[in-house]
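Trainee: The structure follows.
The values are calculated or read from the model by the stated rules, or taken from the named source; none is laboratory data. Not measured: the values here are computed from a predicted model. Ideal geometry is used to build each Cβ from the backbone, glycine not excepted, and the neighbour counts take in all protein chains shown. Each accessible area value is taken on the protein alone, full model and side chains, heavy atoms only, with ligands, DNA and RNA left out. Shrake-Rupley method; radii C 1.70, N 1.55, O 1.52, S 1.80 Å.
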Number of protein chains: 4
Amino acid sequence: MTDTFELPDPDRETPRPSGWLSPHEIARVRAAVPLLYVDAVPVRVDDSGDVVAVGLLLRATPEGVMSRALVSGRVMYHERVRDALLRHIEKDLGPVALPQIPSSPQPFTVAEYFPTPGVTPYHDPRQHAVSLAYVVPVSGDCRPQQDSLDLAWLTPEEAVSRPVLGEMNGGQGLLLRQAMAYVGRLP
Amino acid sequence: MTDTFELPDPDRETPRPSGWLSPHEIARVRAAVPLLYVDAVPVRVDDSGDVVAVGLLLRATPEGVMSRALVSGRVMYHERVRDALLRHIEKDLGPVALPQIPSSPQPFTVAEYFPTPGVTPYHDPRQHAVSLAYVVPVSGDCRPQQDSLDLAWLTPEEAVSRPVLGEMNGGQGLLLRQAMAYVGRLP
Amino acid sequence: MTDTFELPDPDRETPRPSGWLSPHEIARVRAAVPLLYVDAVPVRVDDSGDVVAVGLLLRATPEGVMSRALVSGRVMYHERVRDALLRHIEKDLGPVALPQIPSSPQPFTVAEYFPTPGVTPYHDPRQHAVSLAYVVPVSGDCRPQQDSLDLAWLTPEEAVSRPVLGEMNGGQGLLLRQAMAYVGRLP
Amino acid sequence: MTDTFELPDPDRETPRPSGWLSPHEIARVRAAVPLLYVDAVPVRVDDSGDVVAVGLLLRATPEGVMSRALVSGRVMYHERVRDALLRHIEKDLGPVALPQIPSSPQPFTVAEYFPTPGVTPYHDPRQHAVSLAYVVPVSGDCRPQQDSLDLAWLTPEEAVSRPVLGEMNGGQGLLLRQAMAYVGRLP
């Protein structure tokens, strides 16, 4: 849950495209329906498709606390899931990450982030978000964008180690472990 | 896409629960974000889990045209996907259908119903709905509820025959064929 | 990898059915090709399909060491995977376990047990076995059969606790954690 | 089911590696246990992962009948499934096909080829083969090898058209349709 809901830039001249909401509308929608998200676990693979590294974003909260995050973001109105996945990966990893978006829409799991903690293992205080989760191999050059300080490539074993998981929020540490279980790399 | 967005009953005394929207709010939300749905393909299975029959709802449109439909409906605010699945199956098949809700949230596919025809094979003129699709064995007594005229149990071969598929709308015929492919029963 | 390769009983009069091999043939085949297995994780679920308990078999090795195991066994010649799954569950949990064999043949993972440790996380010193792994809800009365001392129902949290995992062999502890990741119950 | 069981070359001096069997042994094993196979559906995808073309091999039987086939072959003793997948793709499409082997071992389906027609929709007169089926995007230059006359790239719609399916054997036409259902491209 790392994106910023695509808040519109008040200074831009062009009309607001469909899918962009005013802050007031965002608040209304957030209290009314579950919002559709995608989560992507960026990985490096070898020739046999075996995962050799996992990419985690390093971010700082406004309070200065460091956290690690998966690529995550909202699916907009009239946007296909696979296009949302590509857009968020390019937004977070840069335009030459060369992601291999899955050919099937079947996610490895569905993460249900509830505003109330404890309903599911995932939590987002802002909203009820339901996220389709995918493992996405990237073969290109990845550079952290925007609000990320760094992108770290860790082995599967390092990525699910206790110190790293301790820096992930909202249940993304669990989602990462589920991804590693799915690719057969849970230590 | 068979449900009616749970329009509130104006005569009921109890306060509107979270997740129920006024008609005006529905229109606003529908134009703003993709809505999360579930689709269920009810099936009868034998002892080995092999699908022997598929349940299709028979409905009449306000214009009197007959159509066949899967169990389908919206996931509400603060509702888990598995609870939405159970609720819609009980709403359409009755309280003693005894559905076996999947233990995993992984759907067999994700159907993206767009308001614009042709973007994906699925279409819903009212809204952009993204539906998690599951095959759900039911072992109890199923009785069509509410707005359904009948519930027909067809063999997989009959269910994906041209006449039957011709009575399904919005791409649900494709979704049914995908379900049969998933369970290994596509003729 | 708990089964005993269905060694034929030398005293039985009836001819050996197809799929039953002599000890010499077993040794030959084992050194020649990977053998196809199924692994089943028996679970209890609630009305919403959420896993509430996991069934683990308790066994004693010839040396008297206690171990815990999943339901596991070979797919025989001319036997369907779903029939092998049903047969092994009935063999290990008894004839009235009422398993809900999955309607789809898609396993949640494929566990590759190698005779050489370290090639994959799974290990079987006797052979190269490739196992299709399924989560199987059981709703009936389960009684350990044959060589099992007990069948214990544990919560997902207990089942993947360190002491319990320490009693599982050949990588089945990992397979159990993958199953819990798949059903969204990895703690 | 296109491979030739890797018959050893009698003239080669080097010792037969593990996994290579004599013709007599092949016959014995084939009558004793199900053999593990992989099936790959080679596809071209666009930047969003959407399948735009399917690759089908064109072969001639010894009788001169033309047939179309998926990439298919046996998993050898002590070989990982992902390595078998890579080996068979390189064998059939050449060394620079640049296949994207799936990071997860979860197949989209399991095809059970029985020597007796009608048990399942798949049939192999030589043996009982159980095949893990994967969709594999290839981004490089593909050249048909060995016994293939050609590799044709068809749109998903063309690939599952009646004339093309009519040229596929043993149920591979069904498997192709299941693959298209899985990637959301069944017409």
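Trainee: Ignoring ligands, DNA and RNA, how much accessible area is buried between chains C and D, both sides summed, with a 1.4 Å probe, to the nearest 100 Å²? Write down the numbers at each step before the final one.
Mentor: Values: alone 9830 and 9820 Å², together 16730 Å².
Chain pair C/D: roughly 2900 Å² of buried accessible area.
Trainee: Which order do the peptides C:137-145, D:171-179 take when ranked by the mean count of other beta-carbon atoms within 10 Å per residue, highest first? Spell out each step's value before the answer.
Mentor: Details: C:137-145: 16.2, D:171-179: 23.8.
Peptide ranking by packing, descending: D:171-179, C:137-145.
Trainee: Also, I was wondering about something else. Among C:TYR77, C:TYR122, C:TYR37, which one shows the biggest mean-square fluctuation in a GNM of chain C, springs joining Cα atoms closer than 10 Å?
Mentor: With Cα springs under 10 Å in chain C, the top fluctuation among C:TYR77, C:TYR122, C:TYR37 is at C:TYR77.
Trainee: At a temperature of 25 °C and a viscosity of 0.890 mPa s, determine how fast the protein assembly as shown diffuses translationally according to Stokes-Einstein, using the Kirkwood radius over alpha-carbon pairs as Rh; express D in µm²/s, rounded to the nearest whole number. If you can, show how the numbers build up before the last one.
Mentor: Details: Rh = 27.0 Å.
For these conditions, the coefficient is 91 µm²/s.
Trainee: If I take all pairs of Cα atoms in the stretch B:22-64, what percentage of them are more than 15 Å from each other?
Mentor: 69 percent
Trainee: With each label point set 7 Å from Cα along the Cα-Cβ vector, what nm distance links D:GLN146 and D:ASP46?
Mentor: So the two model labels end up 3.5 nm from each other.
Trainee: Averaged across the residues of A:72-84, what count of C-beta atoms belonging to other chains lies within 10 Å of each residue's C-beta?
Mentor: Values: counts 0, 0, 2, 6, 4, 11, 7, 6, 11, 7, 9, 4, 2.
Counting Cβ atoms of other protein chains within 10 Å of each residue's Cβ and averaging gives 5.
Trainee: So what's the net charge close to A:LEU86: Lys and Arg +1, Asp and Glu -1, counting the other residues with Cβ under 12 Å from its Cβ?
Mentor: After counting each charged neighbour, the total is -3.
Trainee: Follow-up. Please list B:ARG80, B:ARG126 from largest to smallest accessible area, probe radius 1.4 Å, with all protein chains kept in place.
Mentor: On the way: B:ARG80 50, B:ARG126 90 Å².
Sorted by accessible area, descending: B:ARG126, B:ARG80.
Trainee: Carbon and sulfur atoms: what percent of the 1.4 Å accessible area of the protein assembly as shown do they account for?
Mentor: Roughly 55 percent, rounded to a whole number.
Trainee: What are the nm distances, shortest first, from D:THR116 to its equivalents in the other copies, labels at 7 Å along Cα→Cβ?
Mentor: Spacings between copies for this position, smallest first, are 3.9, 5.4, 5.5 nm.
Trainee: Can you give the percent of C-alpha pairs in the stretch C:20-133 whose distance is more than 20 Å? Mind showing how you got there, number by number?
Mentor: Details: 3241 of 6441 pairs.
Roughly 50 percent, rounded to a whole number.
Trainee: Compute accessible area for the stretch D:172-187 by itself and then with all protein chains, 1.4 Å probe, and report residues whose area falls by 20 Å² or more.
Mentor: D:LEU174, D:ARG177, D:GLN178, D:ALA181, D:TYR182, D:VAL183, D:GLY184, D:LEU186, D:PRO187
Trainee: Report the closest approach of any chain B C-beta to the axis of the B-to-D rotation: residue and distance, in whole angstrom.
Mentor: B:ALA181, 2
Trainee: Calculate the length of the line joining the C-alpha centroid of the stretch B:17-80 to that of the stretch B:136-187, in whole Å.
Mentor: One Cα centre to the other: 13 Å.
Trainee: Inside 10 Å of the C-beta atoms of D:44-52, what's the mean count of C-beta atoms belonging to other chains?
Mentor: For peptide D:44-52, the averaged partner shielding equals 6.
Trainee: Suppose we keep just the DSSP beta bridges with both residues in the protein assembly as shown; what percent of those would be antiparallel, to 5? Walk me through the numbers before you get to the answer.
Mentor: Details: 92 of 140 bridges.
Of the beta bridges lying entirely in the protein assembly as shown, close to 65 percent run antiparallel.
Trainee: Under 11 Å from the Cβ of C:PRO99, count the other residues' Cβ atoms, weight Lys and Arg +1, Asp and Glu -1, and hand me the total. Walk me through the numbers before you get to the answer.
Mentor: Numbers: positive: C:ARG82, C:ARG87; negative: B:ASP47, C:GLU90, C:ASP92.
Charge balance in the 11 Å sphere: -1.
Trainee: Something else now. As a test, work out the antiparallel percent of DSSP beta bridges whose residues both lie in chain B, rounded to the nearest 5. If you can, show how the numbers build up before the last one.
Mentor: Numbers: 23 of 35 bridges.
Counting only bridges with both partners in chain B, antiparallel ones make up about 65 percent.
Trainee: Tell me, what is the per residue accessible area of the stretch D:23-182 in Å², probe radius 1.4 Å?
Mentor: Per-residue accessible area for the stretch D:23-182 comes out at 35 Å².
Trainee: With runs of 4+ DSSP H residues as the only contributors, calculate the mean residue ellipticity of chain C at 222 nm using -39,500 (n - 2.57) per run, divided by the residue total and rounded to the nearest 500.
Mentor: Helix-only estimate at 222 nm: -5500 deg cm²/dmol.
Trainee: While we're on this one: Assume the label is 7 Å from Cα along Cα to beta carbon: what separations in nm does C:ASP150 have to the matching positions in the other copies?
Mentor: When each copy's label point is compared with this one, the spacings are 4.8, 5.5, 6.7 nm.
Trainee: What average number of partner chain Cβ atoms lie no more than 10 Å from the Cβ of the residues making up D:111-118? Mind dumping the intermediate values first?
Mentor: Numbers: counts 2, 8, 0, 4, 2, 1, 0, 0.
For this peptide, the per-residue mean of nearby foreign Cβ atoms is 2.
Trainee: Something else: Distances in nm, one decimal, shortest first, from A:HIS78 to the same residue in every other copy, taking the label point 7 angstrom along Cα→Cβ.
Mentor: 3.3, 6.0, 6.1
Trainee: For the stretch C:88-187, report the translational diffusion coefficient in µm²/s to the nearest whole number, using Stokes-Einstein at 10 °C, 1.306 mPa s, and a Kirkwood Rh over Cα pairs. Don't skip to the end; give the middle numbers.
Mentor: On the way: Rh = 14.9 Å.
The calculation lands on 107 µm²/s.
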